[in-house]
Amino acid sequence: MEKFDVTVIGSGPGGYVAAIRCAQLGMKTAIIERYPTLGGTCLNVGCIPSKALLDSSEHFQNARLHFKEHGIDLKDLKVNLGQMISRKTKVVKENCDGISFLMKKNKITVFTGHGSFLTKNTLEITAADGKKTQLETARTIIATGSKPSTLPGITIDKKRVITSTEALNLTEVPGHLVIIGAGVIGLELGSVYARLGAKVSVVEFTDSIIGTMDKSLGRELQKVLKKEGFEFYLKHKVTGVTVKGKEVTVGAENEKGEKVEFKGDYCLVAVGRKPYTDQLGLDKAGVKMDERGRIETDGQLQTNVAGIYAIGDVVKGAMLAHKAEEEGVFVAEVMAGQKPHIDYNLIPGVVYTWPEVASVGLTEEQLKAQGRNFKTGSFPFKASGRARASMDTDGFVKVLADEKSDEILGVHIIGPRAADMIAEAVVAMEFRASAEDIARISHAHPTYTEAIKEACLDASGKRALHI
Ligand code: FAD
Ligand code: NAI
């Protein structure tokens, strides 16, 4: 039986990054992945394919709605969904191949098949053809990720009632896509198909969209998406979904308790994801889970069994690729006897709609709940020269800073390239910058980031210059 210092189960952004860092630190490393391609949810059916389709559909939307104003006339513009999906598939393949290359480069042994514990230090890999291999490992990192959740009364048939995975591979643009859940997946994939011409209705249980972010962001995004034709049905509790031929009926109860129905040709169920631990043999190793099916870990991301660690979507915290990656590095360095640190408050969150939404730190609602004294600065993109030039004037930057010390406590952006801009806020907050610090730093002109500087000027003494 081959022996390893460490074995990673799952090759998503948590797992493959953990494996690379372990190898860099001199450990003999193996990684087990049940699918033939590496990269996990993120590369195969998550971050990368969704962004590829968001980019393609954004080009179409711009060509349809904005090119004329830029002085570009196009005739016979139409969508070739087949080509769009094959480009996406090519992008995914290039990324997955890149991970295989990184495994080879770092001399990590890749096992293809379903991994499970036989004992604390013995793992078994079952290949698709049933062939079994065993290995011995001193330590294990569980990075098995998550799968889409559903609701009682809903059967995902993967044809008409679908999850994000199927929505990334449709063969036609839906006539009417009914989406359950106004979270990140619902709004990103809803944007793809709304831009390509589908009617999109979003049915959401709570009173806001992207409800875990600062409420001002959801309100602004809802306004913009409504202009694009999205219909929102908030405070609606979905009770079931039925399918008859090509027609899907989503049943719900509104806030008055009245029954309502939404009829469409596809229903996307986007109500969150659940940790994936099926047939992992956790009981054989004695690893505990919490009441929500997540693997329980301590401050070092170690499970209740010494030498077995868990990271990414399968443990508590935000289900984000970059959070999983940080945890992968963290665990490898803990094993090597180092003292790494993750500040979970500074893991940014991004929604890749257009305008993009990005956020880091505490929200206004959280600060109020904590009873903290804070000040707010904001700056709208309609006052930004760069945003006017590109006709991206929706949205704003909002900065929350401590009333007394001026330390930045949260930055919330909805606007063009917010996903890239949020990095400035993360760096500032990692170094515990004040709003005044950012306000005094030169920002290239014209750039969207000037809006961050202006919002900091506004927070720090109401002295924004361009409004
Ligand atoms: P995963 O990526 O889920 O990888 C786990 C891997 O483990 C899988 O490949 C699985 O096959 C494998 N596995 C499971 N059990 C076993 C076993 N027993 N044996 C062998 N292999 C096993 N996050 C972002 O930060 N940005 C985004 O833009 C973004 N977009 C997303 C879009 C969509 C549509 C979805 C669904 C998710 C998106 N996410 C995004 C979330 C992101 O994909 C996850 O947070 C991330 O992939 C979690 O990484 P992970 O390594 O924990 O697990
Ligand atoms: P989510 O948690 O973001 O949103 C789910 C939504 O469904 C919530 O608004 C919730 O209130 C609603 N909901 C729950 N039950 C409902 C019901 N019965 N009726 C109506 N609405 C109901 O989950 P989502 O969008 O499925 O995404 C899963 C995970 O994937 C997220 O945690 C996210 O972090 C990750 N992801 C990240 C992306 C990014 O970083 N850009 C993109 C896509 C996914």
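The values are calculated or read from the model by the stated rules, or taken from the named source; none is laboratory data. Bear in mind that the values here come from a model prediction, so they are computed numbers and not experimental data. FYI the Cβ positions are ideal-geometry reconstructions off the backbone, even for glycines, and counts take in every protein chain you see. SASA here: full protein model, heavy atoms, side chains in, ligands and nucleic acids out. Shrake-Rupley method; radii C 1.70, N 1.55, O 1.52, S 1.80 Å.
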Practice problem: Run down the aspartates and glutamates and flag those whose C-alpha is under 20 Å from the C-alpha of LYS256, throwing out any fewer than 8 positions away in its chain. | Solution: GLU204, ASP207, GLU231
Exercise. Hey, can you grab everything whose amide H is under 5 Å from the amide H of GLU356? Only 5+ residues off in sequence or another chain; H modelled, so Pro and N-termini drop out.
Key: GLY415, ARG417, ALA418
Exercise. Describe numerically, in nm with one decimal, the distance between label points set 7 Å from Cα along Cα→Cβ at ARG388 and at LYS90.
Key: 4.0 nm
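Which of LYS147/LYS246; LYS88/LYS323; LYS104/LYS131; LYS215/LYS368 have a Cα-Cα distance over 21 Å?
LYS147/LYS246; LYS88/LYS323; LYS104/LYS131
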Exercise. Determine the shape class of the chain: with a ≥ b ≥ c the square roots of the Cα gyration tensor eigenvalues, call it rounded for a/c under 1.5, and otherwise prolate if a/b is greater than b/c, oblate otherwise.
Key: oblate
Self-check item: Table column - 3J(HN,Hα) (Hz), the range 220-231, Karplus curve with 6.51, -1.76, 1.60, x for Gly and Pro
Solution: 5, 4, 4, 4, 5, 5, 4, 4, 7, x, 4, 10
Practice problem: Provide the per-residue ³J(HN,Hα) series for the range 141-149, in order, calculated from phi with Karplus coefficients 6.51, -1.76, 1.60 and θ = phi - 60°, each as a whole number of Hz, with x at glycine and proline positions. | Solution: 10, 8, 9, 8, x, 9, 10, x, 8
Quiz item: Once fully extended, how much extra length lies between ASP343 and LYS404, figured as 0.36 nm per residue of separation less the alpha-carbon to alpha-carbon distance?
Solution: 19.7 nm
Quiz prompt | Helix-only [θ]222 nm of the chain, DSSP H runs n ≥ 4, -39500 (n - 2.57) each, per residue, nearest 500 | solution = -10000 deg cm²/dmol
Exercise. With r as the distance between the Cβ atoms of LYS158 and ILE467 and R0 = 60 Å, compute the FRET efficiency 1/(1 + (r/R0)^6) and round to 0.05.
Key: 0.75
Quiz item: Which FRET efficiency value, to the nearest 0.05, do you get for LYS51 and GLU2 by plugging their Cβ-Cβ distance into 1/(1 + (r/R0)^6) with R0 = 41 Å?
Solution: 0.65
Self-check item: Assigned charges on the beta-carbon of Lys, Arg, Asp, Glu; the chain dipole about Cα centre (debye)
Solution: 740 debye
Exercise. Would you mind telling me the share, in percent, of accessible area of the range 310-436 contributed by carbon and sulfur at probe 1.4 angstrom?
Key: 50 percent
Practice problem: Could you go through the range 254-260 in sequence order and give the Karplus-derived ³J(HN,Hα) for each residue, using 6.51 cos²θ - 1.76 cosθ + 1.60 with θ = phi - 60°, rounded to whole Hz, and x for Gly and Pro? | Solution: 7, 5, 7, x, 7, 7, 10
Exercise. Would you please give the residues with an amide H less than 5 Å from that of ILE179, counting only those at least 5 places away or on a separate chain, with H modeled from the backbone geometry?
Key: SER201, VAL202, VAL203, LEU268
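Working out 0.36 nm times the residue gap between ASP129 and LEU25, then minus their Cα-Cα distance, what length gain in nm do you get to one decimal?
34.0 nm
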